[in-house]
Structures are given as structure tokens and as C-alpha cells.
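Below is one structure, written out as C-alpha cells; comments come after it.
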Amino acid sequence: MRGINTFDTFRAVIKCAMSNPTPPDAILATGDLVQDETRAGYERFRDELKPYGLPVYCIPGNHDAPDLMAKILNEPPFKVGGVIEQGAWALVLLDTHCPGDDGGRLCASELQRLEDALDGYRAKHVLIALHHHPIRMGSRWLDGVALRNADDFLDIVDRHPQVRGIIWGHVHQASDRRRNDVRLMSTPSTCLQFLPNSDDFAVDSRTPGFRWLNLRNNGAIETEVFWLE
């Protein structure tokens with residue numbers, strides 16, 4: 001893609017993450033796992049990560065084929081969508097894929113699933129993961145392919161004070177903000193990055209990267225972005 005072998009950079013990012021002195025408990029893959037929607041792509045993703053023996057939590061992005069993705073990544077250590085309990089935390093994985101649209105949408109059933117999950121996990125700290133960004137990133141072209149019904153999503157979040165953080169992919173850049181005491185984070189891509197605050201599409205000079213998350217028992221989120229040299 002644009003002169004980058006995305007499988008090589010993906011493997012380099014995973015190798016870097018696994019070299020951390022404290023090994024991760026799980027991998028969160030925030031969508032666009034495969035650009036060309038092929039079976040071979042998902043099989044390659046699966047075969048690369050399976051030997052690590054870590055849970056791999058996946059959500060589909062606009063470039064994914066959700067049905068094929070769920071079919072191939074359908075057994076441990078992989079999980080597509082759903083809710084994961086992790087100690088004092090619950091991780092809610094949402095599907096914002098909208099066929100034929102690079103923007104995203106949470107359908108009525110997915111919004112209801114979110115509401116039900118938050119009602120059921122009032123005693124947990126909650127991290128929500130989705131592919132499309134629910135707030136403006138400050139790039140005209142990118143904000144044109146955001147979460148189409150972000151207001152519906154944020155209305156639900158606002159009614160549930162146990163939500164501590166929201167994380168997404170899609171934007172190929174790192175950001176870290178707050179809204180009503182909720183941490184809002186985007187994670188960089190394992191391939192190329194998009195130039196922040198650009199009205200038109202532009203590629204940044206940033207290298208591939210990933211975001212490390214440390215979810216504390218008291219509800220605090222410690223996070224750091226790592227860029228490949």
C-alpha cells in the first residue's frame with residue numbers, strides 16, 4: 001500500500017510490542033485487519049498472532065469483510081465482537097461497519113447491545129472499542145467518514161458513568177482527549193499514518209505504531225503510544 005509492505009510492518013509492530021519487559025495480557029485489533037477482504041488475509045493475520053497464545057479481540061473496520069472475518073477468527077484465542085470481562089473491567093467491542101460506506105454506523109441492534117451491556121456491567125469499569133471515530137478529528141476529509149450516528153452513541157455513553165474510555169482505529173493517527181471525564185483515544189496504524197489536521201487526504205511521516213493500555217483496578221487508564229524506529 002503506497003510503497004509499504006503492510007504485512008512486514010504489522011509483524012514489526014507485534015515484535016516490538018512483545019519485546020516489552022511486561023508482556024501484554026491481550027491484543028486489541030481495532031479494525032481494517034485486511035485491506036482486500038480476502039480469506040488469505042485473515043488467515044495470515046490469524047497464523048501470525050496465534051503462536052503468541054494471547055487473547056486477540058477484534059472488531060471490523062470499513063475495509064473488512066465482517067462475515068468472513070468472524071468465520072475465520074472464530075475460535076480462541078480470537079474473539080470478534082462481544083463483551084470481555086478482564087478483572088475490574090469490561091471491554092465492549094462494537095461493530096460500526098456499514099456496507100458500501102467508508103464512514104461507520106451503529107445499527108439499532110448494536111446500539112441496544114451497547115445499552116444492555118452497560119446496564120449489565122454497572123459495577124465494572126468499561127472500555128468501549130469501535131473502528132470509526134465518534135468525535136471530530138479536525139481533518140475535513142477524515143471527519144466526512146466518521147461514525148455517522150455519533151450523537152446516538154454518545155447519548156448512551158453519557159448515561160453510564162462507569163465508562164472510563166473509548167478507543168478507535170480508522171484515523172491512522174494517535175490522539176488522546178477527554179470528554180465528560182471519559183478518555184477518548186485513537187491508535188496509530190501498523191502501516192502508514194494520516195497527517196493530522198489536514199483538510200485533504202495526506203500521509204504523515206510518522207512510522208508504524210501501536211498504543212499500549214494499562215487498565216488499573218481503580219478505573220484509571222495509563223496509556224502510551226510507541227512508534228517504530
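The values are calculated or read from the model by the stated rules, or taken from the named source; none is laboratory data. Predicted model only: the values in this text are computed from it and were never measured. Positions of Cβ are backbone-derived with ideal geometry, glycine not excepted, and every protein chain shown enters the neighbour counts.
From the list Leu54, Leu33, exactly one residue is within 23 Å of Val92 (Cα to Cα) and either in contact with a helix residue (DSSP H, G or I) (Cβ under 7 Å, 6 or more places away or on another chain) or of a type in the set (S, T, N, Q) (or both). Which is it?
Testing whether each residue is within 23 Å of Val92 (Cα to Cα) and either in contact with a helix residue (DSSP H, G or I) (Cβ under 7 Å, 6 or more places away or on another chain) or of a type in the set (S, T, N, Q) (or both) leaves just Leu33.
Among residues belonging to the range 60-73 that are touching a helix residue (DSSP H, G or I) at 6+ places or on another chain (Cβ under 9 Å) and touching a residue at least 12 places away in the same chain (Cβ under 8 Å), point out the one that is nearest to Leu213 (Cα to Cα).
Of everything passing the filter in the range 60-73, Pro60 is nearest to Leu213 (Cα to Cα).
Restricting the search to the range 34-59, which residues are free of Cβ contacts under 8 Å to residues at least 40 places away in the same chain and assigned to a loop (DSSP other than H, G, I, E, B)?
Answer for the range 34-59, where residues must be free of Cβ contacts under 8 Å to residues at least 40 places away in the same chain and assigned to a loop (DSSP other than H, G, I, E, B): Val34, Gln35, Asp36, Glu37, Thr38, Gly53, Leu54, Pro55.
Restricting to the range 74-125, give me the number of residues that are surrounded by 13 or more Cβ atoms within 10 Å (Cβ to Cβ), farther than 30 Å from Pro51 by Cβ and either in contact (Cβ under 8 Å) with a residue 60 or more places away in the chain or among the basic types (Lys, Arg) (or both).
5
Counting only residues that are of a type in the set (Asp, Glu), closer than 19 Å to Asp47 by Cα and assigned to a loop (DSSP other than H, G, I, E, B), which one in the range 60-116 is modelled with the highest pLDDT?
Checking each candidate, the answer is Asp64.
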